[in-house]
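Comments concern the structure below.
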Amino acid sequence: MKKKILNAGVIAITLLLFTTSFSSGATFTAVASGNWSSTTTWGGSVPPLTIISDQVIISSGINVTMDNSVTLNGGLAMLNVEGTLSSASSGMLTVMAGSVTGAGAINVGSVVCQTAAIVSFTGSLTANTLTCNVLNLLVAADIMVNQTLNMSSGVLNLQTGSSLDVGANATIVISGGMITLNGGTVGLSGSYNVSYIVGSAVAGVELSGSGLNNVAVNVGIGNTVTLSSDLTVSGTLTLTSGTLVLAGNDLTLSGNLSATAGATVSSTASSNISISAATSLSGVLTFSSSGNVVNNFTVNIGSNGSVMLGSDIVIQGMLSLVSGHLNVGSYNAEIGASGSVTGESGSAYVITGVTGSLSMHLTAGASASTTFPVGTSVHFCPAQILLNAGSASGEVFVGAATDVYAQGTSGVDISMTQPLVDATWFIHSDIIANLNMNIRLMWAATAEVNAFNRTMAYISHYMAGNWDVTATASANIEANGMYSLSRNNITSLSPFAVFDQNTIPTAVENEAADLISFNVYPNPAADFINVKYPLSSLNSEPTYIEVVDILGSRIYSARLTKVNTIIPVERFLPGNYFIRVYNDNMSTVKKFIKM
């Protein structure tokens, strides 16, 4: 059996306790393999299950099975294992006070080390569960935890010659304690998980294993988990409460994100974030208000997936759009003054919605325009912006959303009946005076609706309560197969759209009188909503219904076939939604709230 060199202080304390204990407690030495409770095992009296001042010795070659849980709870208590101490999965060895020594093997269900425990054991220790609650537990053993390692408080200090590993799918729970290396090593090559709970923590060697799978942060509001090295999560990063502080380290998500409102990530310009997943992240990535800056941000999500932001973000370096989308929702993704965007395409762009945006600082008189690779949940609709010489310089914000409304952002959705490109571009700026801008809007053929004629088209600007009309031109064919039109010398900003010569942008159909009976209840709703629509209207022409979220994404659609339609909403996220009922002659919208 191999031996380890112990810390000199630990040896001295152990020898002192060992020597003193002979004068104040009994000594029990196992003479045969067997159960702890058997007199045959000990050749007479059986040691107590709670050891206060006794010494229990398991000699080399002897295997003692704990058929009951055993507790050491005295400063003079000692368990010396030179042979083997084992138990069923329910067996528990608790060291409240006292020492565990020897160089044999301990293989029990669970081990709990409390405040006054001294473990100078140098053999192999295997347990389903190991709990550490010791100020500084110096360990020189080879530890294998099959299921759960609980670091409740204090430090698990792995000394020279010791090692720590965990079983397949085991979890290391950090709830006030930490693991440090003082000459020891960690394996952690098999798949395992780490969970931070209760209070703030500084992440350590528990995140260093090549088998790291899931990481969970649930430390409570106002508390943090601070990285001490780069973090790659191949499974799911779960953010339930508190803040994951990158502290200048990189974060790579190659699995999934599960996040609860209020749980955040804090980053600076020294950190890179890379999202490299097979499908959309199920959670929302939210940054803290004072920690929303990153260096490089990479989106590489397959299957046309996306990562959703729950806050503003500032990207000082490069936004790399490899595949999939960065969905900013109602927030802004700012590209810093020295930053850039690369890789944009019809399958890799920034989804913005009505109030979200991608922003960049533009300098007037630049030699080339700047591309804003924005789009809707359906179409890639990039815009190129150039501030002309003589214009003021400043931050420019660009977004795109599905549908085109008669009053810019409200009224009848004219994309249902009018020939146009099914997108509205929202362009804003912090330039208050002396604005002079050229814009170039691009779209794919799939965004053209209602027999739109791209050879007689124009960019319309919603101003003074109306969509304006300008001279038509034939759209340009771009190298990527998209089409484009330009409009120059724009001095004010509001919604833009692309129409053709036959578009009637001011057409607002009168709603049928019986739409007064279009009812939605209950509102707010938790599990389902009822939509009541007159039977007479259903018999007149095909009528449809759809539910749209605040980002403009269609999440439910159907043809109305009966007076009462029940729509399940239990899986909708809480918030505001819109129900639209429409046919070839009308369109009307009502709002409801999901609780």
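Applying the condition of being polar (S, T, N, Q) and either crowded, with 17+ Cβ neighbours inside 10 Å or in contact (Cβ under 8 Å) with a residue 40 or more places away in the chain (or both) to segment 204-231 and asking which residue is farthest from Asn292 (Cα to Cα) yields Asn213. For segment 381-439, a residue qualifies if it is polar (S, T, N, Q) and at positive phi, and exactly one does: Asn434. With respect to Gly329, determine if the residue is surrounded by fewer than 21 Cβ atoms within 10 Å (Cβ to Cβ), in contact (Cβ under 8 Å) with a residue 40 or more places away in the chain and farther than 17 Å from Phe426 by Cβ. Against the criterion (surrounded by fewer than 21 Cβ atoms within 10 Å (Cβ to Cβ), in contact (Cβ under 8 Å) with a residue 40 or more places away in the chain and farther than 17 Å from Phe426 by Cβ), Gly329 does not qualify. Of the residues in segment 202-217, none is more than 20 Å from Thr252 (Cα to Cα) and either in contact with a strand residue (DSSP E or B) (Cβ under 7 Å, 6 or more places away or on another chain) or basic (Lys, Arg) (or both).
Going through (1) touching a residue at least 60 places away in the same chain (Cβ under 8 Å); (2) farther than 30 Å from Thr588 by Cα; (3) within 38 Å of the chain's Cα centre (by Cα) one by one, Ser393 falls short only on (1). Among the residues of segment 144-171, write down those that are over 27 Å from the mean Cα position of the chain (by Cα) and outside any strand (DSSP E or B). Correct list: Thr160, Gly161, Ser162. Here segment 390-414 is the region considered, the condition is being not hydrophobic (A, V, I, L, M, F, W, C) and not in a loop (DSSP other than H, G, I, E, B), and the residue that is surrounded by the most Cβ atoms within 10 Å (Cβ to Cβ) is Gly399.
Inspection of segment 276-288 finds no residue satisfying the criterion of being in contact with a strand residue (DSSP E or B) (Cβ under 8 Å, 6 or more places away or on another chain), within 16 Å of Met360 (Cβ to Cβ), in contact (Cβ under 8 Å) with a residue 24 or more places away in the chain and not β-branched (Val, Ile, Thr).
The set of residues from segment 256-277 being crowded, with 19+ Cβ neighbours inside 10 Å and not in a strand (DSSP E or B) comprises Ala263, Ser271, Asn272. Contact map, segment 84-97: first residue outside any strand (DSSP E or B), second residue at pLDDT 95 or above, Cβ cut-off under 7 Å, separation 6 or more or different chains; pairs are Ala88/Gly109; Ser89/Gly109; Ser89/Asn128; Ser90/Gly109; Gly91/Met66; Gly91/Ser69; Gly91/Val108; Gly91/Gly109. Filtered by the rule that a residue be assigned to a strand (DSSP E or B) and of a type outside the set (A, V, I, L, M), segment 415-453 gives Thr424, Trp425, Phe426, His428, Ser429, Asn438, Arg440, Trp443, Glu448. Within segment 206-247, the residues that satisfy the criterion of being assigned to a strand (DSSP E or B) and under 22 Å from Asp165 (Cα atoms) are Leu212, Asn213, Asn214, Val215, Ala216, Val217, Leu231, Thr232, Val233, Thr236, Leu237. Any residue at all in segment 286-304 that is among the polar types (S, T, N, Q), under 25 Å from Ser153 (Cα atoms) and under 16 Å from the mean Cα position of the chain (by Cα)? Among the residues of segment 286-304, not one is among the polar types (S, T, N, Q), under 25 Å from Ser153 (Cα atoms) and under 16 Å from the mean Cα position of the chain (by Cα), which makes the answer no. Of the strands (runs of 3 or more DSSP E) lying entirely inside segment 27-79, the ones with 2 or more residues being touching a helix residue (DSSP H, G or I) at 6+ places or on another chain (Cβ under 7 Å) are found at 27-30. Taking (1) hydroxyl-bearing (Ser, Thr, Tyr); (2) at pLDDT 95 or above; (3) surrounded by 18 or more Cβ atoms within 10 Å (Cβ to Cβ) in turn, Ser280 satisfies each apart from (2). Considering (1) among the aliphatic types (A, V, I, L, M); (2) more than 25 Å from Met360 (Cβ to Cβ); (3) in contact with a strand residue (DSSP E or B) (Cβ under 7 Å, 6 or more places away or on another chain), the lone condition that Val314 does not fulfil carries the number (2).
The values are calculated or read from the model by the stated rules, or taken from the named source; none is laboratory data. All figures in this text were calculated on a predicted structure; none of them were measured in a lab. All Cβ positions, even for glycine, are placed from backbone atoms using ideal geometry, and neighbour counts span all protein chains on display.
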